[in-house]
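Remarks on the structure that follows.
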């Protein structure tokens, strides 16, 4: 690990001394606020689309109307952990 001193702040890099933005340091984990916001909007859109499905379509994916309603009512930033890791941009 390389440590570079810049204005009394230490920046650590595991890539041969290159400076790496903080949102790219943890591969596979969503850490940049803009990426979190984009993911939250995508999940909100998916949750709203659940409400538009017929009962038969919901049954095809293993959901009931009640489960779809509960999922659609979740908070905007209630992002499942698995989605945060999988959505690394």
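Taken together, the values in this text are just the output of simple stated rules run on the coordinates, not laboratory data. Model, not experiment: these values are computed from the prediction. Here the Cβ positions follow ideal geometry from the backbone for every residue, glycine too, while neighbour counts run over all protein chains shown.
State all residues of segment 57-72 that are under 15 Å from residue 43 (Cβ atoms) and touching a residue at least 12 places away in the same chain (Cβ under 8 Å); if no residue qualifies, say none.
Within segment 57-72, 68, 71, 72 qualify.
Could you please give the count of residues in segment 49-78 that are within 25 Å of residue 34 (Cβ to Cβ) and in contact with a helix residue (DSSP H, G or I) (Cβ under 6 Å, 6 or more places away or on another chain)?
The total comes to 4.
Among the residues of segment 43-89, which ones are surrounded by 15 or more Cβ atoms within 10 Å (Cβ to Cβ) and assigned to a helix (DSSP H, G or I)?
43, 44, 47, 50, 58, 68, 71, 72, 84 - these are the residues of segment 43-89 that are surrounded by 15 or more Cβ atoms within 10 Å (Cβ to Cβ) and assigned to a helix (DSSP H, G or I).
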